[in-house]
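Structure record follows, encoded as structure tokens.
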Amino acid sequence: MTGLTSIFWLFLILWSFLGPLYRQRALESQRLRALSRLEQRRGSRVITMIHRQEAINLLGIPLARFINIEDSELVLRAIRFTPDEMPIDLVLHTPGGLVLAAEQIARALCRHRGKVTVFVPHYAMSGGTLLALAADEIVMDENAVLGPVDPQIGKYPAASILKAVSEKSRDEVDDETLVLADISRKAMSQVRESVLDLLLEKKMDREHAEILAQALTEGRWTHDYPIDPRQLAGWGLPISTQMPREVYRLMDLYPQPAQRRPSVQYVPVPYRYEREQ
């Protein structure tokens, strides 16, 4: 009996270490199969950039994800592996991230000769919006949003730093704040030029492109201001709300880490509601 008990406890210990690894490998296989099916259906290269809050293996510590240099390296590699005339579909779900990484990806997408489509099933803010602007078509869920691309310096918006400095006399502002203001001015100018270049590459007329680039980068709204498909279409961007079901199914394979008590619950099946006559 003691031997069986020891084997049982040994199995539980091994499973606590190997179980999460096995489940992660199985999930990755499901994702690759889903990507292959979507590619076959659309005749494209499908790339995902999905930044969920992920859990570190074993410890279960939540880890927030953003657009970073590693992302740009991987996306640029995927683009290099894609024939020049083959369409690229980018499934995007991100709060944003490094401007450098986002600009690298956006410019590479813009230079690709085949059609580039960005799918936004939920949100693509800040740097994610920059990537969407590089697409020939932006396909969004009707409730999905993009956001402003005004640069942030540390934890403050660059536009707010400049406004705060402009409202004080030189003697009231310390040297460090003046340096931040100088960086803010340069950052806003650089991001505005990047957005303008992307819009002009997509054949938007210069006057309209300059107005839109100014609106998105000047700090007119808060950084998390949601811009929905209707507003984007009104600005002349190539917006569609015909989201393929395969994209929603793909998103299901990138779940948030499980919590002890979920904050949102529902019966996970689609209902077909028919009103009684």
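The values are calculated or read from the model by the stated rules, or taken from the named source; none is laboratory data. As the structure is a prediction and not an experimental result, all values here were calculated from the model. No Cβ is skipped: glycine too gets one built from the backbone with ideal geometry, and neighbour counts run over all protein chains shown. Surface areas here come from the heavy atoms of the whole protein model, side chains and all, with no ligands, DNA or RNA. Shrake-Rupley method; radii C 1.70, N 1.55, O 1.52, S 1.80 Å.
Has the stretch 199-215 got at least one residue that is among the basic types (Lys, Arg), in contact with an Asp or Glu (Cβ under 9 Å, 6 or more places away or on another chain) and modelled with pLDDT under 95?
Yes, that holds for at least one residue.
Take the residues in the stretch 80-113 that are part of a helix (DSSP H, G or I) and in contact with a strand residue (DSSP E or B) (Cβ under 7 Å, 6 or more places away or on another chain); name whichever of them is surrounded by the fewest Cβ atoms within 10 Å (Cβ to Cβ). Working first, answer last.
To start, the set of residues in the stretch 80-113 that are part of a helix (DSSP H, G or I) comprises 80, 99-111.
Among the residues that remain, those that are also in contact with a strand residue (DSSP E or B) (Cβ under 7 Å, 6 or more places away or on another chain) are: 101-102, 109.
Values: ALA101: 22, ALA102: 27, LEU109: 24.
For the stretch 80-113, the residue satisfying everything is ALA101.
Restricted to the stretch 178-197, and to residues that are more than 12 Å from LEU216 (Cα to Cα) and touching a helix residue (DSSP H, G or I) at 6+ places or on another chain (Cβ under 6 Å), which residue is most open to solvent (accessible area, probe 1.4 Å)?
LEU180
Considering (1) open to solvent by 70 Å² or more (accessible area, probe 1.4 Å); (2) in contact with a His (Cβ under 9 Å, 6 or more places away or on another chain); (3) modelled with pLDDT of 95 or more, say which one PHE66 fails and leave the rest.
(3)
Scan the stretch 120-140 residue by residue and report those that are surrounded by fewer than 18 Cβ atoms within 10 Å (Cβ to Cβ) and either in contact with a His (Cβ under 9 Å, 6 or more places away or on another chain) or of a type in the set (A, V, I, L, M, F, W, C) (or both).
In the first step, residues of the stretch 120-140 are kept if they are surrounded by fewer than 18 Cβ atoms within 10 Å (Cβ to Cβ); the result is 122, 136-137.
Correct list: HIS122 only.
Scan the stretch 205-218 for residues that are over 17 Å from the mean Cα position of the chain (by Cα) and open to solvent by less than 30 Å² (accessible area, probe 1.4 Å) and jot them down.
Scanning the stretch 205-218 gives ALA209, LEU212, ALA213, ALA215, THR217.
Assuming ALA132 fulfils every condition listed in (1) farther than 22 Å from PRO226 by Cβ; (2) in a helix (DSSP H, G or I) apart from one, which condition is it?
(1)
Which of (1) more than 22 Å from the chain's Cα centre (by Cα); (2) open to solvent by 30 Å² or more (accessible area, probe 1.4 Å) does VAL173 not meet, given it meets every other one?
Only one criterion is unmet by VAL173, namely (2).
Is it fair to say ALA124 is without any contact (Cβ under 8 Å) to a residue 24 or more places away in the chain and not basic (Lys, Arg)?
no
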